[in-house]
1. Report for region 404-648 the percent antiparallel among DSSP-assigned beta bridges with both residues inside it, nearest 5.
2. Over 32 Å between Cα atoms: which of LYS274/LYS373; LYS382/LYS574; LYS401/LYS590 fall into that group?
3. Mind listing which GluC sites (Glu not before Pro) in region 400-477 are in a DSSP loop and have 14 or fewer other Cβ atoms within 10 Å?
4. Within the set of other residues whose C-beta is less than 11 Å from the C-beta of ARG337, count the net charge using Lys and Arg as +1 and Asp and Glu as -1.
5. Ordered by packing density, taken as the mean number of other Cβ atoms within 10 Å over each peptide's residues, highest first, how do 540-552, 22-34 rank?
6. Please sort 208-219, 580-591 by packing, taking for each peptide the average over its residues of neighbouring beta carbons within 10 angstrom, highest first.
7. Using the Karplus curve 6.51 cos²θ - 1.76 cosθ + 1.60 with θ = phi - 60°, work out ³J(HN,Hα) for each residue of region 550-555 in order, rounded to whole Hz, and write x for Gly and Pro.
8. Pick out, from GLY281, GLY336, LEU248, the residue whose Cα sits farthest towards the positive end of the charge dipole of region 242-392, with +1 on the Cβ of Lys and Arg and -1 on the Cβ of Asp and Glu.
Amino acid sequence: MTRIRSADWKSLGIWAVGVSLGLLCLGLLIRSESSRHLQASSEVAGLSWARFAARTVPDLAQVFAGSGVSPEARAQLLLLRKSDSVFRFKLFNADGDLILTSDDLATDRPISRKPGADGIGEHHGVGDKAHIRRKLLSGVNHIELKRERRADRPTVYSEAYVPVMQDDRMLGVVEVYVDLAAEAQTIANAFFRVAVAAATLLLLASLIFGYQFWLRLRRQRQAEERVHYMAHHDTLSGALNRGSFNDLLAQACARAGAGGLGFALLCIDLDRFKDVNDQLGHAAGDEVLRVVTQRLREALRDGDAIARLGGDEFAVLLPGVTTAAAVEPLARRIVGRLAQPYDAAGSRVSCGGSVGAAICGLDGTEPVELLHKADLALYQAKAAGRGTFCFYDEATEMALKVRRGLSDDLQKALAAGQLSLHYQPLYESNKGMLTGYEALLRWQHPERGNVPPIDFIPLAEETGFIDTLGQWVLNRACADAAGWPDPLTAAVNLSPSQLVHGDLAEQVRKALYDSGLPAHRLQLEITESMLMENTDQVMSQLQELAAMGVSIAMDDFGTGYSSLAYLWRFPFDKVKIDRAFTQHLDDDPKVNLIVRSIITLAHSLGIRVNAEGVETAAQMAALQAEGCDELQGFLLGRPAPLALLSHKDVVVTNASTRQARSRTGARESLFADLPELVIPGQRPE
């Protein structure tokens, strides 16, 4: 339960003090009102008795003057001794001396008192006599309430000092003892009912206040729990957030360092999650993340902590798991659960997960170190094909350090002049004449020597440097090709990033303008992987380039599963048979059939065919026999820098047939009359 705040304790204290003061004030008010009513009643009784005595007692003036009590006066005073509520009285002369008491009337003995022996207020203490007399002489009655336990008197009575007036002259003072017990009880009963009603109302008010206070505390507790939950959990998935997981990890490391329970750390990343967001929207992606969290809970044990670190990244803390053998079944179970299909936005999607594991004590003892190594293991799982799990491996970390160093060096290589272009010649198949060159990027590292493109091109794509690199290659190749004999072409490979994210058509237009190279002498090569996403945007770019007169070739043709559909949809001028087919022409008859089919299909669509990787005379002869248009490979010429190109055996053609062709639509094909195909990876319009 939420701790009551000091402000709440203060409110409770004020409320309790207020209730107590209310009850106290109510009691004092009742007592005060009761006394006031009794005093008023006593005063009325005393005044009534005094006035009645003044009218009915004969020779009353003589009695107050001390001249004695006549038999008639005695008889009347005896009648007044027990009248109504009065049970006793005393008579005092104008000087305040006692003249007669009702007790004196009970005997027949003469009443004899010494002057000044007794007087008004003598039994009240020194000074009271003068005080009471001054009040009476000033016209103010004096009433005293008495509550006593005496056998000869009521429990509640009053002593009322009232002046006796006759003909506007004060004869003396009478002290009347008034029995107030019955009236006090009546008043007490009445005030008791009032007190009960007031207490009931106060109790109801207290209950209402208490209920409101409880509601406030509950709302406060719920708000605090909500704030605490939001501060420690991911609002989308309900898993722990990064901050709370880091705290939990630090605590686990501290316990393990102090000899406590060890643990294992898993980093989890979803595979192909971006495709879900791109194809179905972020709402579907959010639903997948919620399902992933639920599946992780089902796959793990009670006490295992699950966190969403951000995006599609998750982490799991496994207390008590200290060996690879103990981690493996849990990791396999996670991979298996995440590999199951997901229902999102009315669609069934596949989105598995990869897992990287690090064990406290074996792979590190500090939170940052363990997270780093679990993340490295996750990277290794991704590189191994996804949908699997890996443990941290020191060799992988060293390879990644080398890779990061290479990436940093690549950012500086262009400005340092370490990058250059080599050109591999392209030959016309039947006549053996040179038709152009393919530009190939080379990196001469000052310490590592020649770095293969297969090592640094992926780095450039990962870091986004590929756009800058690709533009430099395009500008350099156009500038170099402008100095070659007119028929020769320059083939430049494009990256997916250039085609999708950049303004490629404008870059090509500027490169041609700056170099003076005619558009028909530039050939741009793309791979099938570039066509799998953003089909409409790619189509628009290719059509604009084709309209400029630039040739477009599909590289590595035959390695994808949808090449035929791409041939129909995109305005290709050339397809390049992948070297994997070329290298097996000698030893596998099925490859010959595939190559023959590719060439026949391309020619039926008016598309030229290039074969890469020609390394033997037998391969060249087989390609020539099948009617391949263009060849390249080590047999015909290795890539060389610009300075070593000789341009021998240049094909001489009619210039009018080599001018740029204006094309605004997709190429007509044998399948033009069929309904339009939906290419895998392309959304239907």
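1. On the way: 16 of 37 bridges.
Beta bridges within region 404-648, antiparallel portion: roughly 45 percent.
2. Working: LYS274/LYS373 24 Å; LYS382/LYS574 35 Å; LYS401/LYS590 44 Å.
Among LYS274/LYS373; LYS382/LYS574; LYS401/LYS590, the Cα-Cα distance tops 32 Å for LYS382/LYS574; LYS401/LYS590.
3. Details: sites: GLU428, GLU438, GLU447, GLU461, GLU462; in loops: GLU447.
Filter output for region 400-477: GLU447.
4. Numbers: positive: ARG295, ARG297, ARG332, ARG333; negative: GLU298.
Neighbour charge sum, excluding ARG337 itself: +3.
5. Working: 540-552: 20.2, 22-34: 13.5.
Descending mean neighbour count gives 540-552, 22-34.
6. Working: 208-219: 11.8, 580-591: 15.3.
Descending packing order for the listed peptides: 580-591, 208-219.
7. The phi angles translate into 6, 7, 10, 10, 9, 7 Hz.
8. Comparing the listed Cα positions along the dipole, GLY336 ranks first.
FYI, it's all coordinate maths here, none of it is from the lab. Since the structure is predicted, the reported quantities are computational estimates derived from the model, not experimental observations. Using ideal geometry, Cβ is built from the backbone for each residue, glycine included, and neighbour counts are taken over all protein chains shown.
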